[in-house]
Amino acid sequence: MSSPTVEAHSEAELALTRACEHLLALQDEAGWWKGELETNVTMDAEDMLLREFLGIRRSDETERSAAWIRSQQRSDGTWTKFHGGPGDLSTTVEGYWALRLAGDPPDAAHMRAAAEFVQESGGVERARVFTHVWLALFGLWPWEQVPALPPEIILLAPSIPLNIYDFACWARQTIVALSVVMTFRPCRPLPFDLRELAGPQAWAPREPRSKRGAWLARLDNALRLYERHPIRPLRALALNRAERWILQRQEQDGSWGGIQPPWVYSLMALHLRGYPLDHPVMRRGLEGIEGFMVEEGGVRRLEACQSPVWDTALSLIALSDAGCPSDHPAMVRAADWLLAEEVEIAGDWAVRRPRLRPGGWAFEFANEHYPDVDDTAEVALALLRVQPTDSQRAEQALERAARWVEGMQSVGGGWGAFDADNTRSLVRELPFLDFGEVIDEPSADVSAHAIEMLAALGLGSGSAARDGVRWLIAQQEQDGSWWGRWGVNHVYGTGAAVPALIAAGVEVEDPAIVKAVAWLLEHQNADGGWGEDPRSYDEPQWIGRGPSTASQTAWALLALEAAGDRSGALNRGIDWLVNSQLPDGSWDEPQYTGTGFPSDYYINYHLYRLTFPIMALGRCLRRRETQ
């Protein structure tokens, strides 16, 4: 090797060492890792509104939450869905409203700027349905202008269209709770209104996008009539069953599904059903929210979810890629903690797979009803890298995980995250659901992780993996990339698909791999990194384009390394990571590279900027040594 190459290799080794030291220092004594999961200010606004609704809002907490919301407002007065994104109407309405609740006067400069944006964007009349629901809870929007969601939906059998199991688990939990809330049509008047946010035109229902949508709009009109005069015994039966359904799904940490939307609506639903705030269920729920609060520097912000299982699995894989011994105490502690987190009960997924035995992991500390294929695959890949205290227990857990993942495969060969064959797209066109993905259809990234797991377990030649490979190759875009469901976006999908296909035996000369590599090379930034803006879900010119980020650069490098690329792009990517590393061994990444709902909701996983670069540097440096 030439001297410059040796020097570059040495610098990369030092960067990797610093990153590993930083990651190891973040491990909890119990064995897990958890980075902050940052979203947008609607979480904080709705937390304030929940407390106002329940009559427990405190002025000191309100001021710290308001301080965070103010800190996130942009100079043009707006709030966005992700760092660097355009102002968003509904996010700005909720941010503005929260600050009004905190006492900010409407004639303050920052409030006037926000109000002007809302007015110019059509006013609250054009906000999403969920924002209208929040407004209606406080008498600021008429319930008559919210689409129907009767609780009788809980009575529909799983075989009947529009039953609750047609919805993805996150939407299902939210819809059941909201249907109870909307039955009561509660109103908690505030000492102010939001007339300053009114738009120039009156509200009108959104136009249906298809013939199916038009049919569902007529159904909505019929349900509105029914809600005025429901069949009382049927309504009572539905409310009782919905209440039981909600109670059965509260997790040990007090949450519902470990995520904010069903959590807050479940608390409101149960409160409206007569549960006092000191009832154990309510108390656990409210105390649990405090565990999702980040308090620092005089501000208070809410994590919409927490990701310890995911973060711990990725951290183990990263450290292993960097050369950390499999019996390192940190690795063993993490593996033992992961084994204790295995889900052992049959959750909602069993409705579609009633004969499948449990075996898998969820995303959060407590979420036994909703394990997912993505976490299960990464945990399995991590456990294969470690020597846990109880190797027999680990072996048995891996066997259960493999069986469960194979059993969760959807028709056609792909995998969704939480459910199998959750693909009835009709529900997307319900008038109520104008925000976020509401089904859990198979995705390239989840399927890739499942395939990679099966290959690592020696099951790559089995029928599930073979079907998965065929499905994944068929999902490749014409340009050579893969669309990313849970990460932004084509860089994430491609970064997952290429290593998985090669692990499953697809040759690097295969046209699918060649096209994918060519796409990555074409979309490398001039500085050597990769980046992709979340707007790529809606605007084709953003596909594979955006400021370089540590996590997205790492995803591209993982694909190129697996494909054995020799173009020089890999070395330029490594150099970008080395040159952009911070003194503490981490990377600065304000961009949101995680996806909650494509087009609507994005996430900044604070550990992505560390775990994925460690993986990439570790694998790429090991490859250099073997050349």
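Kindly check whether there is at least one residue in the range 429-439 that is in contact with a strand residue (DSSP E or B) (Cβ under 7 Å, 6 or more places away or on another chain), part of a loop (DSSP other than H, G, I, E, B) and among the aromatic types (Phe, Trp, Tyr).
Taking every residue of the range 429-439 in turn, none turns out to be in contact with a strand residue (DSSP E or B) (Cβ under 7 Å, 6 or more places away or on another chain), part of a loop (DSSP other than H, G, I, E, B) and among the aromatic types (Phe, Trp, Tyr).
Show the residue pairs meeting these rules: Cβ distance below 6 Å; 6+ apart or different chains; first residue within the range 382-407 and closer than 18 Å to Pro329 by Cβ; second residue β-branched (Val, Ile, Thr).
Cβ pairs passing all conditions: Ala382/Ile317.
Identify, by number, the condition in (1) free of Cβ contacts under 8 Å to residues at least 40 places away in the same chain; (2) in contact with a His (Cβ under 9 Å, 6 or more places away or on another chain); (3) surrounded by fewer than 19 Cβ atoms within 10 Å (Cβ to Cβ) that Asp479 doesn't meet.
The number of the failed condition is (1).
Does Arg393 qualify as being part of a loop (DSSP other than H, G, I, E, B) and over 21 Å from Ser447 (Cα atoms)? Walk me through it before giving the result.
On the way: part of a loop (DSSP other than H, G, I, E, B): no; over 21 Å from Ser447 (Cα atoms): yes.
The answer is no for Arg393.
Closer than 21 Å to Tyr265 by Cα, at pLDDT 95 or above, buried (at least 19 other Cβ atoms within 10 Å of the Cβ) and not assigned by TED's automatic domain parsing to the domain that holds Gly297 - does that describe any residue in the range 55-77?
Yes, because at least one residue in the range 55-77 is closer than 21 Å to Tyr265 by Cα, at pLDDT 95 or above, buried (at least 19 other Cβ atoms within 10 Å of the Cβ) and not assigned by TED's automatic domain parsing to the domain that holds Gly297.
Considering every residue within the range 249-260, establish whether at least one is hydroxyl-bearing (Ser, Thr, Tyr) and under 23 Å from the mean Cα position of the chain (by Cα).
Scanning the range 249-260, I find at least one residue that is hydroxyl-bearing (Ser, Thr, Tyr) and under 23 Å from the mean Cα position of the chain (by Cα), so the answer is yes.
Since Glu364 meets every condition but one in (1) of a type in the set (Asp, Glu); (2) in contact (Cβ under 8 Å) with a residue 40 or more places away in the chain; (3) surrounded by fewer than 19 Cβ atoms within 10 Å (Cβ to Cβ), which condition does it not meet?
(3)
Based on what the data block shows, is Ala202 among the hydrophobic types (A, V, I, L, M, F, W, C) and modelled with pLDDT of 95 or more?
no
Identify, by number, the condition in (1) surrounded by 24 or more Cβ atoms within 10 Å (Cβ to Cβ); (2) more than 19 Å from Trp486 (Cβ to Cβ); (3) of a type in the set (Ser, Thr, Tyr) that Ser548 doesn't meet.
Unmet for Ser548, out of (1) surrounded by 24 or more Cβ atoms within 10 Å (Cβ to Cβ); (2) more than 19 Å from Trp486 (Cβ to Cβ); (3) of a type in the set (Ser, Thr, Tyr): (1).
Just wondering, is there one or more residues in the range 290-298 that are in a helix (DSSP H, G or I) and not assigned by TED's automatic domain parsing to the domain that holds Ala366?
The answer is yes, given that some residue of the range 290-298 is in a helix (DSSP H, G or I) and not assigned by TED's automatic domain parsing to the domain that holds Ala366.
Identify all residues within the range 180-234 that are surrounded by 14 or more Cβ atoms within 10 Å (Cβ to Cβ) and of a type in the set (Gly, Ala, Ser); write none if there are none.
Correct list: Ala198, Gly199, Gly213, Ala217.
Return the residues of the range 548-593 that are in a loop (DSSP other than H, G, I, E, B), over 13 Å from Pro613 (Cα atoms) and not hydroxyl-bearing (Ser, Thr, Tyr); say none if nothing qualifies.
Of everything in the range 548-593, those that are in a loop (DSSP other than H, G, I, E, B), over 13 Å from Pro613 (Cα atoms) and not hydroxyl-bearing (Ser, Thr, Tyr) turn out to be Ala563, Gly564, Asp565, Arg566, Gly568, Pro583, Asp584, Pro590, Gln591.
Can you pull out the residues in the range 296-330 that are touching a strand residue (DSSP E or B) at 6+ places or on another chain (Cβ under 7 Å) and polar (S, T, N, Q)?
Hits for the range 296-330 are Gln306, Ser307.
Please state which one of Ser447, Ser443 is hydroxyl-bearing (Ser, Thr, Tyr), touching a helix residue (DSSP H, G or I) at 6+ places or on another chain (Cβ under 6 Å) and assigned by TED's automatic domain parsing to the domain that holds Glu532. It would help to see each step written out before you state the result.
Details: Ser443 fails: touching a helix residue (DSSP H, G or I) at 6+ places or on another chain (Cβ under 6 Å).
Selected residue: Ser447, the only one of Ser447, Ser443 that is hydroxyl-bearing (Ser, Thr, Tyr), touching a helix residue (DSSP H, G or I) at 6+ places or on another chain (Cβ under 6 Å) and assigned by TED's automatic domain parsing to the domain that holds Glu532.
Return only the number of the condition from (1) out of contact with any Leu (no Cβ under 7 Å at 6 or more places or on another chain); (2) in contact (Cβ under 8 Å) with a residue 12 or more places away in the chain that Val411 does not satisfy.
(2)
Restricting to the range 525-547, name every residue that is in contact with a Pro (Cβ under 9 Å, 6 or more places away or on another chain) and in a helix (DSSP H, G or I).
Within the range 525-547, Pro534, Arg535, Tyr537, Trp542 qualify.
Being surrounded by 14 or more Cβ atoms within 10 Å (Cβ to Cβ) and without any contact (Cβ under 8 Å) to a residue 24 or more places away in the chain is the filter; apply it to the range 261-282 and report the residue that is farthest from Gln250 (Cα to Cα). Before you say what the answer is, go through the steps one by one.
First, pick out the residues of the range 261-282 that are surrounded by 14 or more Cβ atoms within 10 Å (Cβ to Cβ): 261-273, 275, 281-282.
Right, trim to without any contact (Cβ under 8 Å) to a residue 24 or more places away in the chain and you get 275, 282.
Working: Tyr275: 14, Met282: 10 Å.
Among residues in the range 261-282 that are surrounded by 14 or more Cβ atoms within 10 Å (Cβ to Cβ) and without any contact (Cβ under 8 Å) to a residue 24 or more places away in the chain, the one farthest from Gln250 (Cα to Cα) is Tyr275.
Residue by residue, here is whether (1) in a helix (DSSP H, G or I); (2) among the hydroxyl-bearing types (Ser, Thr, Tyr); (3) within 19 Å of Gly35 (Cβ to Cβ) holds:
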position	(1), (2), (3)
Met268	yes, no, no
Trp310	yes, no, yes
Leu314	yes, no, yes
Ile317	yes, no, yes
Ala334	yes, no, yes
Trp337	yes, no, yes
Arg353	no, no, no
Glu364	no, no, yes
Asn367	no, no, yes
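Going by what's in this entry, would Pro161 be described as at pLDDT below 95, part of a loop (DSSP other than H, G, I, E, B) and over 27 Å from Leu426 (Cα atoms)? Please lay out each step first, then the result.
Values: at pLDDT below 95: yes; part of a loop (DSSP other than H, G, I, E, B): yes; over 27 Å from Leu426 (Cα atoms): no.
It is false that Pro161 is at pLDDT below 95, part of a loop (DSSP other than H, G, I, E, B) and over 27 Å from Leu426 (Cα atoms).
Condition (residue is under 19 Å from Glu378 (Cα atoms), of a type outside the set (A, V, I, L, M, F, W, C), surrounded by fewer than 23 Cβ atoms within 10 Å (Cβ to Cβ) and touching a residue at least 12 places away in the same chain (Cβ under 8 Å)) applied to the range 331-339: is it met by at least one residue?
Among the residues of the range 331-339, at least one is under 19 Å from Glu378 (Cα atoms), of a type outside the set (A, V, I, L, M, F, W, C), surrounded by fewer than 23 Cβ atoms within 10 Å (Cβ to Cβ) and touching a residue at least 12 places away in the same chain (Cβ under 8 Å), which makes the answer yes.
From Ala417, Ala455, grab the single residue that is more than 24 Å from the chain's Cα centre (by Cα) and surrounded by 20 or more Cβ atoms within 10 Å (Cβ to Cβ).
It is Ala455.
Conditions first: (1) more than 18 Å from Ala322 (Cα to Cα); (2) touching a Ser or Thr at 6+ places or on another chain (Cβ under 9 Å); (3) of a type in the set (S, T, N, Q). Asn579 passes all but one, so which condition is the exception?
(2)
Go through the range 492-539 residue by residue and tally those that are within 17 Å of the chain's Cα centre (by Cα) and hydrophobic (A, V, I, L, M, F, W, C).
Residues that pass the stated criteria total 1.
Out of the residues in the range 164-205 that are in a loop (DSSP other than H, G, I, E, B) and of a type in the set (Gly, Ala, Ser), which is nearest to Asp220 (Cα to Cα)?
Step by step, filter the range 164-205, then rank; the result is Ala204.
The values are calculated or read from the model by the stated rules, or taken from the named source; none is laboratory data. None of the values given here were measured: they were computed from a predicted structure. Cβ atoms come from the backbone with ideal geometry, glycine included; neighbour counts cover every protein chain shown.
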